[in-house]
Every structure is written in structure tokens, then in C-alpha cells.
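Chemist: Quick one: the structure is below, questions incoming.
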Amino acid sequence: ADGMAMSSRNMRLDEHSRKNATAMYQSLQFLMTNVQPGETISFIQEATDQLFKAGFDSIDYVSIADATSLEPVNVWDGKMPIVALIAAFIGGVRLIDNLPLHP
């Protein structure tokens with residue numbers, strides 16, 4: 001209901017971390033709404049900044065990738081199916097999530 005992935009890891013978060021962890025879904029939503037053809041780095045950087053501002057301890061990756069191969073996409077042609085991928089730590093718990101950006 002709050003946008004968090006359904007995972008047993010989320011049960012290990014304290015109340016404060018759980019509230020702030022919803023920024024992961026918000027960052028994925030940002031990417032889905034804003035990604036445009038061309039270079040992807042500025043979108044990835046903004047999503048990363050959002051996570052740090054929300055209190056994430058560290059970020060393993062924020063990536064826009066080919067939806068089939070999961071290879072990072074640095075320049076998107078606007079047609080290739082892509083997915084956003086995030087793995088980050090908050091409250092000592094590693095959370096992962098993804099969201100298709102373009103069918």
C-alpha cells in the first residue's frame with residue numbers, strides 16, 4: 001500500500017527506516033515519469049540523490065537497463081524496452097526493487 005516491495009526484508013526495518021524506504025518506490029516512479037530518449041545519466045543521478053536525501057545509508061546501484069538482458073543503457077533510443085533497477089541500504093537492510101519504464 002505504501003509502495004514498498006513485498007519482502008520479508010522490510011520487516012527488519014524500524015519504523016523510521018520503513019517510512020523513509022518508500023523513497024525507493026518514489027525514485028522508480030520518478031524514472032518512469034521522466035526518462036526520455038538520450039543519455040540516461042542525469043535521470044539516474046537524480047534518482048540516486050533522492051535516495052540519499054531520504055536517508056539511505058549507501059547505494060549499490062541505480063540503473064536503467066535493457067529489459068531483456070539487464071545490460072545498462074547509457075543512451076536510450078526511446079524504443080528499446082527498459083527497466084529501472086535499484087539496490088540500496090537503509091537501516092542496515094539491503095532493499096532491491098525494479099520497475100519497467102517502457103514496454
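The values are calculated or read from the model by the stated rules, or taken from the named source; none is laboratory data. As the structure is a prediction and not an experimental result, all values here were calculated from the model. Note that each Cβ is placed from the backbone with ideal geometry, even for glycine, and that neighbours are counted across all protein chains shown. Protein only, heavy atoms only, side chains kept; ligands, DNA and RNA dropped before computing areas. Shrake-Rupley method; radii C 1.70, N 1.55, O 1.52, S 1.80 Å.
Chemist: Cβ neighbours within 10 Å, averaged per peptide: list 47-59, 63-75 in order, most packed at the top.
Modeler: Values: 47-59: 16.5, 63-75: 14.2.
Packing proxy ranking, top to bottom: 47-59, 63-75.
Chemist: Taking a 1.4 Å probe, which of 24, 80, 32 shows the most accessible area, and what order do the others take after it?
Modeler: On the way: 24 10, 80 55, 32 80 Å².
Solvent-accessible surface, decreasing: 32, 80, 24.
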